[in-house]
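What follows is a single structure, written as structure tokens, with notes after it.
The values are calculated or read from the model by the stated rules, or taken from the named source; none is laboratory data. Only a predicted model underlies this, so the values are computations on that prediction, with no experimental measurement involved. Glycine also receives a Cβ, built like all others from the backbone with ideal geometry; neighbour counts cover every protein chain displayed.
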Amino acid sequence: MATHASATSCVRFTGLPLWWCPVLSLAKAAKDYYLRKLGEISPGEDYYLRGGTATGMWRGNGATELGLSGTVSAESLVRLFDGQHPGTGEHLGRSLRKDGVAAWDVTFSADKSVSLLWALGDPETRQQVLEAFEEATSEALAYFESVASSTRGASKTPVLDDHGDPILNENGTPRFRVESWPIATTGYVAASFTEFTSRADDPQLHTHVVVANKVKGNDGVWRTVDGRLLYRYQLAAGYLHEAVLRRELTERLGVHWQPVSNGMADIAGFTRPQIEAFSRRRHQLETWRQEQGLPDTAAARQIAVIATRNPKRDRPLAELEAEWRQRAVEVDLTPGQIARLIGRGRDVTPADPEALFESLASMDGLTAHGSTFAKPEVVKEIAGALPEGGTRNQIEALAGMFLGTRDVVPLLSGRDAEPSDIVEDHALDEPKTLNEPLAADRVVRPMRRRDGSLFPGVRHERLYTTTELLATESRVVEQARAGIGAGRWTAPGRLVEGRLRRNRHLTEGQREMVRQFATSGNAIDIGIGPAGTGKTAVMAVISQLAAMTGTEIMGTALAGRTAAGLQDATGIPATTLTRLIGESKDRGLPPRVVLVVDEAAMVGTRQLAAVSDLVEAVEGKLILIGDDRQLPEIDAGGLFRALVNRLPAIELTDNVRQHQAWERDALTQLRDGTVDKAMKLYQQRRRLVIGQDRDDTMGHAVQDWYRHVTATGDLTSGLLIGYDNDTVDELNQRARTHIAASRHLDGPTVETAERVFQAGDRILCRKNQSRLGVLNGDLATVTNVDQESKNLTVRLDRDAETRDLPGWYLELGHVDYGYALTGHKAQGVTTSRTFTVITGNTDREWVYVAMSRGRHANTLYLASPEPADEQCTHLTHQERKEALDALTVSLGRSSVQTAAIDHLPGSGPASSDIAERAAWIVARRQAEHSELEHRSPGIELAAGR
């Protein structure tokens with residue numbers, strides 16, 4: 001959970017929760033701005049060194065190497081930001097660029113209940129809390145330093161053809177092969193500053209650790225920190241910090257804990273009203289937002305932060321303590337009650353490693369949302385699974401023990417599973433020296449968090465999977481390989497050709513796909529259908545052929561709306577995967593059935609395996625239709641892609657949706673990863689808009705959308721698309737305001753769940769309700785409002801029939817505005833024009849889906865990161881270019897998942913014995929543990945303090 005600042009003259013950062021070890025990059029050029037304005041203090045007054053904070057202290061092995069210890073002076077801090085020796089002023093390696101990152105601010109913050117125990121406890125309790133917090137911070141920082149303090153060396157060599165001549169890019173510049181490698185260092189040069197209050201003068205223990213962007217490599221050369229590692233390990237460090245803090249307070253004060261949630265736990269005994277009484281800043285922001293009529297979104301909260309920001313007044317601690325104790329009495333937090341929260345220090349209850357490891361290796365554990373994992377994820381999950389916490393050594397020891405169990409299979413690194421990168425070098429006009437790290441996009445493989453957002457991966461990081469998931473993947477691959485030409489359902493050739501003659505509108509690619517599916521006899525056939533290529537038309541013909549041969553055909557998809565769309569367009573009876581699997585577990589599928597899985601690339605490995613097993617049990621045929629270049633799986637995935645690489649899959653190539661040839665070309669380039677060419681086309685056609693700021697960008701998108709739907713007189717002809725729910729909420733509010741001011745809406749209104757609906761409104765149904773005839777994701781237009789019952793009558797887009805939505809469905813929040821959708825909700829939607837708002841951190845698959853929804857036009861609106869202060873609200877020409885460059889870099893990365901079997905040693909698309917190899921690895925792994933009963937030592941035996 002990071003806070004990232006761009007290296008420009010205005011520090012920008014995304015708003016993320018403060019209580020996890022946020023990482024803020026400090027631009028060298030923005031150093032003075034940040035020190036002066038982060039706390040709204042007067043010019044010349046240093047944020048880190050002003051009164052009211054604990055004395056700054058040197059930290060890190062790198063600081064020790066330089067002979068730094070004790071307190072930090074203002075002069076030494078300035079030198080630290082300038083890349084100089086804090087004591088002598090000597091430059092440490094090459095000078096930092098003016099717009100470069102000068103330092104990293106890593107912040108460790110205590111949970112509010114811990115801060116309250118410190119603020120309201122007796123002197124001994126307060127001292128114990130401070131010492132516990134200091135120990136947790138030291139341990140977490142030591143972990144950070146051990147895993148995230150390396151730097152990188154880099155080199156590039158020209159790419160030569162077979163004759164030894166340089167290969168040139170289209171612009172005539174040489175093409176280079178860029179390589180980099182990690183270099184170990186002596187550690188961080190860092191300074192820490194502990195503060196005790198929030199901006200609202202509430203108790204809030206937190207420590208800023210300013211890590212200089214200079215480290216000394218083991219080769220003696222000073223270079224910049226590989227900052228991607230800080231972001232890579234910050235979640236693990238944050239969870240570890242909280243676990244150590246829980247253990248320290250348990251042993252020192254005997255406190256008890258509420259259940260751990262997302263790595264954090266409140267001290268048992270504090271009530272939510274008591275905690276809220278000391279969270280006035282949050283209340284202040286919420287009150288201001290509501291008074292201004294702003295939606296509850298991240299952007300609105302950021303506006304509230306800026307608008308209500310007051311200087312930290314550095315009031316005397318004694319004055320604040322008196323105020324806190326008075327406020328505590330008002331919420332029944334008396335000294336006696338505080339005393340009852342603590343007791344005699346006690347030993348932490350040891351963890352049960354067997355139960356812990358079983359949970360981590362289960363389907364709901366580390367591979368619930370990804371086919372592979374690395375050690376940081378293990379550290380994070382273990383730290384969050386210990387109710388009373390543990391030490392860093394214990395947690396890391398448990399992580400190592402888990403990775404050595406029979407249920408875990410070591411794999412190749414993420415990078416080793418892919419070919420070397422060849423880059424068309426636009427930025428590297430000069431050879432990279434060892435003193436300058438390679439740009440992040442040149443060396444990193446993107447990885448995905450559990451919430452779906454991206455973080456940079458680490459080259460050559462060892463990956464792991466579980467024996468259960470590897471066995472599941474290999475079983476399906478073996479079923480597919482063994483099922484080639486297995487004599488499953490086919491239709492006579494003459495019948496197939498006759499159907500094709502009757503469907504003259506089909507492209508040649510669609511015809512070939514029909515022939516493949518209907519005549520191959522394969523147990524599993526795969527069709528790749530890029531956006532707009534008409535895969536539904538293919539399945540309509542397959543449906544006809546199945547009926548003509550007396551074969552039962554069924555369809556399924558992840559989403560009910562997708563299944564309904566398949567059924568409506570092809571006549572194939574379809575339902576959701578969850579329902580199909582649940583209903584077929586006992587009774588099975590019809591004999592020799594043909595089962596079509598739509599949007600199969602979005603289906604997780606375990607669900608895809610369950611479907612494959614069901615079809616195999618009745619000797620049926622499984623047809624997988626999807627595109628692994630569109631939105632990836634939410635659950636552990638990569639299996640569809642693995643099958644594509646190993647089976648004779650057939651791909652549609654003719655885009656029949658987009659009317660403009662240039663737009664079809666741009667989408668192809670975007671899908672294939674030729675991002676710079678695609679962006680150039682969108683720019684040339686004025687389909688890429690870069691706003692002055694986020695508000696300006698969203699305003700442009702909504703204005704353009706409104707002009708379009710007003711000109712056509714049809715609200716269904718245009719669709720706004722946003723990257724996340726907050727953006728979509730704002731777009732919907734803005735769009736609805738425009739529509740309400742026009743003549744598109746009429747009649748009575750009904751207000752429910754913070755929404756006002758009227759005849760003419762566009763709505764989105766958010767919950768499947770079969771008896772109402774609506775599905776999650778259904779778009780509709782309100783045709784009538786019953787104010788008395790609060791019922792809506794709506795006309796669905798997918799079948800033009802009307803449905804009655806009762807008041808209780810609205811009251812439960814199952815109806816939202818439908819003027820704007822997220823990319824995931826928009827997948828499968830086709831309209832005339834789309835207007836898509838994104839940030840520079842959007843991944844390629846998402847943008848490809850969003851920009852392929854409109855038949856006539858699709859426009860991209862690029863929003864810059866939210867500024868940190870009202871004094872920096874407009875982008876310069878250079879900053880616009882940087883925003884576009886950042887987008888191009890982001891789109892150059894893929895977020896698709898890779899199956900675990902694609903990380904096995906020697907695996908690859910051409911491997912025909914992959915299932916046997918995977919089975920052998922699993923068997924060998926388990927055999928290593930079969931001679932002795934596998935019993936892990938208890939946590940206290942695994943590692944000492």
Go through the residues of segment 387-406 one by one and say whether even a single one is modelled with pLDDT under 95, within 26 Å of V603 (Cα to Cα) and touching a His at 6+ places or on another chain (Cβ under 6 Å).
no
I'd like to verify a number: residues in segment 89-133 that are touching a strand residue (DSSP E or B) at 6+ places or on another chain (Cβ under 7 Å) and more than 26 Å from L68 (Cβ to Cβ), how many?
10
Pairs needed: first member in segment 139-153, farther than 12 Å from V106 by Cα and in contact (Cβ under 8 Å) with a residue 40 or more places away in the chain; second member anywhere, surrounded by fewer than 22 Cβ atoms within 10 Å (Cβ to Cβ) and among the polar types (S, T, N, Q); C-beta distance under 6 Å; at least 6 residues apart or different chains.
R152/S180
Limited to segment 465-499, what total is found for residues that are of a type in the set (D, E) and under 11 Å from A900 (Cβ atoms)?
2
Considering segment 839-858 alone, what residues qualify as being buried (at least 22 other Cβ atoms within 10 Å of the Cβ) and at pLDDT 90 or above?
R844, E845, W846, V847, Y848, V849, A850, M851, S852, R853, G854, N858
Looking at segment 583-592 only, could you name the residues that are part of a loop (DSSP other than H, G, I, E, B) and in contact with a helix residue (DSSP H, G or I) (Cβ under 7 Å, 6 or more places away or on another chain)?
G588, L589
Looking only at segment 156-175, which residues are touching a Leu at 6+ places or on another chain (Cβ under 8 Å) and modelled with pLDDT under 85?
K156
In the set V774, V756, V785, V794, the lone residue that is crowded, with 18+ Cβ neighbours inside 10 Å and over 23 Å from A564 (Cα atoms) is V785
Only one residue in F144, F193 is assigned by TED's automatic domain parsing to the domain that holds A237, within 27 Å of V101 (Cα to Cα) and out of contact with any helix residue (DSSP H, G or I) (no Cβ under 6 Å at 6 or more places or on another chain), so which one is that?
F193
Looking at L77, L117 in this structure, which one is in a helix (DSSP H, G or I), among the hydrophobic types (A, V, I, L, M, F, W, C) and either at pLDDT below 95 or outside the structural domain of T250 (by TED's automatic domain parsing) (or both)?
L77
In segment 823-836, which residue that is modelled with pLDDT under 95 and over 14 Å from T716 (Cβ atoms) is farthest from the chain's Cα centre (by Cα)?
G828
Among the residues of segment 645-658, are any within 32 Å of the chain's Cα centre (by Cα), buried (at least 24 other Cβ atoms within 10 Å of the Cβ) and not in a loop (DSSP other than H, G, I, E, B)?
no
In this structure, does V541 turn out to be touching a Pro at 6+ places or on another chain (Cβ under 8 Å) and more than 23 Å from M363 (Cα to Cα)?
no
Report, ordered by the first and then the second residue, all pairs with beta carbons closer than 6 Å, sequence separation of six or more or different chains, a first member in segment 677-692 that is on the phi < 0 side of the Ramachandran plot, and a second member that is of a type in the set (V, I, T) and not in a helix (DSSP H, G or I).
R687/T859
Mind checking which pairs have a first residue in segment 177-191 that is at positive phi and a second that is part of a loop (DSSP other than H, G, I, E, B), Cβ under 8 Å, 6 or more apart or different chains?
G187/G60; G187/S149
